[in-house]
Amino acid sequence: LVLDNSGSMDAAGGRSETKLQRALEAAEAVAAGLSGGDAAGVVLLVNDPAVALPDGMTTDRVALKTALRQIMPTDATGAPGEALRRAFALLESCQAVRCEVHVFSDFQEAEWSKTAAGLKPPRGGTAILFHRIPSEPRREANVSIAGVSLPDKRLIAGRRLPLAVRLSNTSAFNADVRLNSEDDQGNKKVERVTVPAREERLQILYLTPEAAGTHWGRVWVENDGFRPDNRAAAALCSADREAVIFAGAASEFGALPVAMSPTADGTLSGLVPVAVPVDGLERALADRKPVLVATTWQSLGRGRPDDSWKAALDRYVRKGGNLLIAPSATDTASAGAAPGWLGGSVGDEQTAAAGLPALVFRKSARLFDDLRDAKGDVLLRNLRAFRFRVLRLADEKTALAGLEDGRALLAEHRAGEGKVFLSGLAFDASWSNLPLKPGFLAVAQSMALCTEGAQKVMRLTAGERPLVEGPSNAVVRIRSIASDAAVDWNGPGGNMPALARSGVYVIEKGSNQTYVAVSSSAREAGETFISGNEVPAAGGLAYSVEAYGDADELAARLKRRRVGMDFYAPFVLACLLALLTEGWVASSPPKAAKA
């Protein structure tokens with residue numbers, strides 16, 4: 001019995017029942033028609049760890065009925081090919097002469113329109129029957145949560161974090177819905193949102209983790225016509241206060257230390273500026289483990305290339321650290337030579353008393369994420385440079401901002417796993433008016449926090465299997481932290497099931513923990529279903545397609561089919577006996593003629 005428990009089955013299927021309820025009714029009718037020696041198994045289109053199914057084929061009618069009545073709708077898109085493979089594998093262990101595979105589904109195109117790769121026919125003597133559960137047209141607006149996202153950067157406890165929720169109205173009706181949210185700290189909120197027909201809307205909610213650690217938030221839509229695509233979850237790891245090291249005198253960096261922490265102790269920003277002498281940088285890197293190191297072109301140009309602090313700085317960046325190099329606000333000496341792995345150098349200082357106009361070159365850069373408006377424009381305007389050093393870049397594509405004539409003054413470059421920010425401007429009002437702009441705080445702090453891959457949380461769509469590194473036979477445990485159905489699964493990592501519902505889960509493997517945020521599948525909002533007698537996902541298999549009406553009619557039809565098949569074996573034996581008799585008669589010697 002292959003049952004479609006994907007999200008689309010939670011919609012109306014007639015007679016005030018959902019399609020899944022009608023599919024379960026049909027499956028129970030098939031199970032009720034089993035005779036004494038028959039065995040049956042259950043396979044789900046979405047492998048659901050919250051449902052306890054019989055282990056393989058069973059002759060226990062009570063266990064079978066109990067399993068069917070535990071099946072619940074999910075938020076996921078199913079995998080027909082995988083479900084059929086599991087069903088065929090169950091039959092391989094059977095000793096029966098005759099086998100049947102009954103599939104109960106609405107045959108939504110999102111799942112059934114593509115041929116399953118590598119699907120092999122079942123064992124001989126297997127009949128495949130597809131039972132189409134009818135679908136009713138939707139008469140209400142439907143709003144899907146098409147995605148949720150948190151900033152992919154280091155997140156600091158105590159700071160308000162934007163949670164972007166993308167709402168999509170997939171229907172032809174305007175929608176007025178309620179957007180609910182809750183977090184692990186007990187904060188709940190409801191907002192009324194209007195989403196026009198066939199349009200999307202971006203709604204910004206906020207999470208504020210009060211302490212360092214792992215936190216989560218859930219959002220869901222109410223008051224629309226389809227529930228399974230209405231839920232999403234997000235998880236995050238927030239850190240306590242982080243250090244920003246300034247290699248040199250604090251005066252060399254102008255307004256930058258104040259932008260990192262207006263109170264100098266990280267109270268408002270979570271970033272603590274620490275000034276150390278250049279020759280003490282190596283020890284500071286080991287002791288403070290900073291999120292950003294700032295130094296000057298002048299410091300890099302002094303001394304020898306093999307200075308130990310430069311080698312330590314190289315290792316720090318290549319292992320994932322952030323580095324900022326800017327001109328000193330107090331030293332006008334030539335910059336000198338810089339290490340080749342930085343991706344660029346600077347020229348001599350130039351001045352423009354009236355100031356030269358400057359602008360952002362690459363608006364999509366993650367450095368400007370907190371300054372981008374709804375149209376994608378960066379809210380840094382009317383910038384002017386009075387003193388500057390033009391950057392000489394190994395790759396011009398790394399330029400982020402500069403003068404109107406194209407000369408670069410700010411760039412970013414990847415080195416190993418880390419990132420290097422190159423500046424031709426000192427962060428002082430005598431060099432440019434950037435430190436006087438409100439957006440300067442966002443730019444400065446983004447240099448410290450915008451580390452790619454800083455969030456170790458796994459993000460999945462319902463129906464996807466989590467993948468954890470390590471041997472496939474290592475035992476893992478999956479627990480639900482915030483979900484509509486409790487999950488507590490143990491087993492080999494290679495056998496991990498798909499996560500069928502939105503929510504937050506933790507995967508424990510030894511002492512390691514991986515948090516997983518799962519959102520419902522927006523694909524289930526589709527209202528196009530396969531009609532006719534062909535099911536593309538079945539490929540070249542031999543099968544029949546029948547429309548499901550009611551349980552009694554299905555039971556009667558199967559009884560007629562099985563009676564005919566039960567008579568088949570003795571009928572063949574009778575035919576063989578007749579054939580043998582006819583052959584014996586035909587081959588006997590003729591009798592001698594009488595006089």
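Just a few scattered comments:
- What a 1.4 Å probe finds exposed on the chain is 53% carbon and sulfur by accessible area, rounded to a whole percent.
- Dipole magnitude of the chain, debye to nearest 20 (Cβ charges: Lys/Arg +1, Asp/Glu -1, about Cα centre): 600 debye
- Accessible solvent surface per residue of the chain, calculated while the other protein chains remain in place, 1.4 angstrom probe, Å²: 47 Å²
- Amide N of the stretch 451-495 lying under 14 Å from the label point, which is placed 7 angstrom from the Cα of Arg85 along Cα→Cβ: 465, 495
- Listed values for the stretch 537-553 are Karplus-derived 3J(HN,Hα) couplings in whole Hz (6.51 cos²θ - 1.76 cosθ + 1.60, θ = phi - 60°), namely 4, 7, x, x, 5, 8, 7, 10, 10, 10, 7, 7, x, 8, 5, 5, 4, and x replaces Gly and Pro.
- 16 Å reach of a label modelled at Glu546, 7 Å along Cα-to-Cβ, counting backbone N of the stretch 130-155: 130-134
- Report summary: the helix-based calculation at 222 nm, which adds -39500 (n - 2.57) for every DSSP H run with n ≥ 4 and divides by the residues of the chain, gives -6000 deg cm²/dmol.
- 5 angstrom amide H check on Gly158, placed H, neighbours 5+ away: Glu210, Ala211
- Evaluating 6.51 cos²θ - 1.76 cosθ + 1.60 at θ = phi - 60° for every residue in the stretch 225-239, the Karplus couplings come out as x, 8, 8, x, 9, 9, 10, 8, 9, 9, 10, 8, 10, 9, 9 Hz, glycine and proline recorded as x.
- Calculated FRET value between Ala63 and Glu210, using beta carbons and R₀ = 56 Å, to 0.05: 0.75
- Debye-formula intensities of the stretch 41-162, expressed as log10 I(q)/I(0) at q = 0.09, 0.11, 0.20, 0.22 Å⁻¹, are -0.41, -0.56, -1.29, -1.48 (one equal scatterer per alpha-carbon, no solvent).
- A probe of 1.4 angstrom, applied to the heavy atoms of all protein chains, finds His215 with accessible area near 20 square angstrom.
- GluC sites (Glu not before Pro) restricted to DSSP loop in the stretch 419-486 with at most 12 other C-beta within 10 Å: Glu469
- Computed accessible area, Lys456, all protein chains, 1.4 angstrom probe, square angstrom: 150 Å²
- Simple label model, 7 Å out from Cα along Cβ direction - Glu182 to Arg392, nm: 6.2 nm
- Heavy-atom accessible area order for Leu410, Leu576, Leu422, largest first, 1.4 Å probe: Leu576, Leu410, Leu422
- Arg477/Arg414 FRET efficiency (R0 35 Å; Cβ-Cβ; nearest 0.05): 0.45
- Pairwise FRET efficiency - Arg318 versus Asn174, Cβ, R0 = 51 Å, nearest 0.05: 0.45
- Simple spin-label estimate for Arg123 and Glu109 gives 3.8 nm between the two label positions (7 Å along the Cα-to-Cβ direction from each Cα).
The values are calculated or read from the model by the stated rules, or taken from the named source; none is laboratory data. Predicted, not measured: the structure shown is a model, and the values here were computed from it. Neighbour counts run over all protein chains shown; Cβ positions are idealised from the backbone, glycine included. All accessible areas refer to the heavy atoms of the entire protein, side chains included, with ligands and DNA or RNA removed. Shrake-Rupley method; radii C 1.70, N 1.55, O 1.52, S 1.80 Å.
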